[in-house]
Amino acid sequence: MSRLEEFEKEKKITRRRFLSMLTGAGLVSGVATLSGCSPVEQVAGTGWLPQQYQVPGSWPVQVKGRVAIDPASPSLSRDDEKCILCGQCLEVCQNVQSVFGYFELPVKDDFICVNCGQCSLWCPTGAISEKDDIQKVKDALDDPEKVVIVQTAPGTRVALGEEFGLPKGAWVQGQQVAALRKLGFDKVFDTVFTADLTIMEEGTELIQRISGKSDAPLPQFTSCCPGWIKFCEYYYPELLPNLSSAKSPQQMMGAIIKTYLPKVTNIKPENIFSVSIMPCTAKKFECSRSEFNAAGKYWGNEAIRDVDVVLTTRELARMIKAHNIDLPTLPEEEYDEVLGEGSGAGLIFGNTGGVMEAAVRSAYYLLTGEKAPEVAFKLEPIRGLEGVKEGSLNIPGVGTIKVAVVHGLSNARQLAEAVKRGEAPYHFIEVMACPGGCISGGGQPRTSVPPADHVREERIKAIYNKDASYVLRESHENKEVLALYENFLKHPLSDLAHELLHTSYTSRSDKLIAKKLV
Ligand code: SF4
């Protein structure tokens with residue numbers, strides 16, 4: 001039985017116990033079905049939160065039996081009328097993500113949250129959801145001065161269809177592009193493009209660390225998951241030098257849309273409104289980080305943000321439905337040129353193990369000048385839903401590169417502790433906060449409570465199948481990425497690449513008191 005299965009079994013028992021307590025208090029009655037979900041229990045009436053479940057002096061922020069959500073959170077919100085105090089948010093936060101309960105706060109009413117949004121997937125009533133940013137996008141689309149440009153992450157194209165009755169993992173890349181054009185977006189770009197760019201930057205950085213040309217320590221951790229980054233900033237500030245300095249593909253795309261694109265078109269950077277469609281609630285937090293205004297610094301206009309708004313897959317589905325667009329029947333359309341080409345390597349970023357597999361394909365080429373062997377195009381040891389995976393590849397003239405892949409933050413915690421103890425003999429470690437990777441991110445369509453592995457597997461399979469069908473399967477062969485280097489950035493890790501595509505991290509451990517409950 002996998003760790004997740006064990007946990008889900010225990011969770012069902014806890015939920016039953018909790019609900020029987022609520023039923024006894026006259027708070028819960030009957031059984032309802034949340035569209036497409038397992039049966040869930042329904043709240044009877046409103047204004048029902050009794051005194052014994054409140055933490056004195058802190059209502060409505062702190063309530064026993066559930067996680068606290070910051071009203072100012074850019075990622076998440078909770079509708080108290082829908083909350084049945086079932087404790088699912090607490091369980092996923094504590095036992096799957098090892099966030100809740102792994103700290104004490106020096107200040108009452110402060111909030112510790114890595115913004116991953118897994119609580120919103122586990123919430124049986126839909127009380128916890130993403131912070132709704134649809135109106136901001138509508139306002140931009142209605143503004144004749146704005147050029148509204150959108151990017152779509154790898155993971156949304158294998159989940160959006162589920163909101164329209166298609167099977168789990170249905171591939172709707174072309175229909176998603178068509179729907180975005182119907183909604184009025186001026187250009188539709190592919191975050192897979194900047195996933196390829198990430199490999200060029202992060203892969204080159206790894207090579208520098210391995211060859212001793214950089215002082216930065218090994219192992220190198222991936223840095224494309226903002227949930228993992230914030231987790232590390234809270235709990236493992238001593239490992240921040242191990243994180244790759246490469247920004248996430250979303251933020252790279254934001255910076256490139258507002259710097260390179262104006263250079264090769266006549267669009268003014270200050271007129272661009274940049275929207276991301278992500279499977280992820282943490283990306284909403286990420287785009288709000290003060291340091292992500294590289295385009296503003298480039299143009300000398302601090303008001304320019306790299307990404308203006310992030311919408312989750314669920315928000316996009318609501319927009320499409322509100323416009324009565326029937327997604328499944330739309331003819332497929334292609335991404336726009338210049339920032340629209342993506343390789344199979346960039347595409348598999350959506351799956352746990354995907355970033356690592358993509359990196360291995362290109363690192364082999366960058367180190368040897370030769371195409372990676374066939375095994376690098378289906379790296380079985382690091383595919384699948386095992387919580388901690390490891391693999392190795394012999395690279396001629398370099399030696400054996402050892403890698404590890406973890407998903408779910410309690411697994412990341414185990415590996416981070418092993419790195420601290422000097423017991424993790426890896427060169428490169430991929431971490432994704434969400435179990436299964438971004439295909440099961442906190443902004444994806446809700447399925448069952450808790451999210452089921454078979455849904456994750458369908459989405460993962462759809463992405464790997466598409467990668468296997470591509471001719472272009474290596475990031476370093478993406479022609480639009482090569483043109484970006486030739487015409488603008490010059491080469492990976494150039495000064496301009498550092499300015500636009502790299503970042504640094506901040507310890508947040510001072511927010512926690514020294515005693516960590518690990
Ligand atoms: Fe977001 Fe993906 Fe990280 Fe989940 S794994 S927090 S969806 S980047």
Can you give the angle from 0 to 90° between the axis of helix 453-469 and the longest principal axis of the chain, with both taken from C-alpha atoms, to the nearest 10? 20 degrees
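What length, rounded to one decimal in nm, is gained on full extension from residue 332 through to residue 374, with 0.36 nm per residue of separation minus their alpha-carbon distance? Intermediate values should be presented prior to the final figure.
Values: separation 42, 0.36 × 42 = 15.12 nm, distance 3.11 nm.
Computed gain between residue 332 and residue 374 is 12.0 nm.
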Compute the distance in nm between two label points, each set 7 Å from the Cα along the Cα-to-Cβ direction, one at residue 487 and one at residue 452. 4.7 nm
In whole Hz and in residue order, list the ³J(HN,Hα) couplings for segment 118-132 that follow from phi through the Karplus curve 6.51 cos²θ - 1.76 cosθ + 1.60, θ = phi - 60°; x for Gly and Pro. 4, 4, 6, 7, 8, 6, x, 10, x, 5, 9, 8, 5, 5, 7
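How do 140-153, 435-448 rank on mean C-beta neighbours within 10 Å, highest first?
Details: 140-153: 19.1, 435-448: 27.5.
So the order, starting with the most tightly packed, is 435-448, 140-153.
Starting from the Cα-Cα distance between residue 64 and residue 417, subtract it from 0.36 nm times their residue separation and give me the gain in nm to one decimal.
Numbers: separation 353, 0.36 × 353 = 127.08 nm, distance 2.96 nm.
Taking residue 64 through residue 417 to full extension adds about 124.1 nm, to one decimal.
Would you kindly state how much longer the chain becomes between residue 268 and residue 94 on full extension, computed as 0.36 nm times their sequence separation minus their alpha carbon distance, in nm to one decimal?
Numbers: separation 174, 0.36 × 174 = 62.64 nm, distance 4.61 nm.
Going from the current span to full extension adds 58.0 nm.
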For residue 247, enumerate residues with amide H under 5 Å from its amide H, sequence gap 5+ or separate chain, H modeled in the peptide plane. 502, 503
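For an R0 of 25 angstrom, estimate the FRET efficiency from the Cβ-Cβ distance between residue 495 and residue 289 and round to the nearest 0.05.
Numbers: r = 22 Å, r/R0 = 0.88.
After rounding, the FRET efficiency stands at 0.70.
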For the chain, build the convex hull from the C-alpha positions and give me its volume per residue in Å³. 148 Å³
Per DSSP H run of n ≥ 4, the term is -39500 (n - 2.57); total these for the chain, divide by its residue number, and report the mean residue ellipticity at 222 nm rounded to 500 deg cm²/dmol. -10000 deg cm²/dmol
Of all DSSP beta bridges having both residues in the chain, the percent classed as antiparallel (nearest 5) is 45 percent
Alpha carbon centroid spacing (whole Å) that separates segment 233-264 from segment 386-444: 20 Å
Which angle from 0 to 90°, rounded to the nearest 10, does the C-alpha axis of helix 313-322 make with the longest principal axis of the chain? 80 degrees
Near the amide H of residue 273, under 5 Å away, which other amide H atoms are found, from residues 5 or more places off or on another chain, if H is placed in the peptide plane? 147, 148, 149
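Values quoted throughout were computed directly from the atomic coordinates according to the rules given, and no laboratory measurement underlies them. What you are looking at is a predicted structure, and each value in this text was computed from that prediction instead of being measured. With ideal geometry, Cβ positions are generated from the backbone for all residues, glycine too; neighbour counts draw on all protein chains shown.
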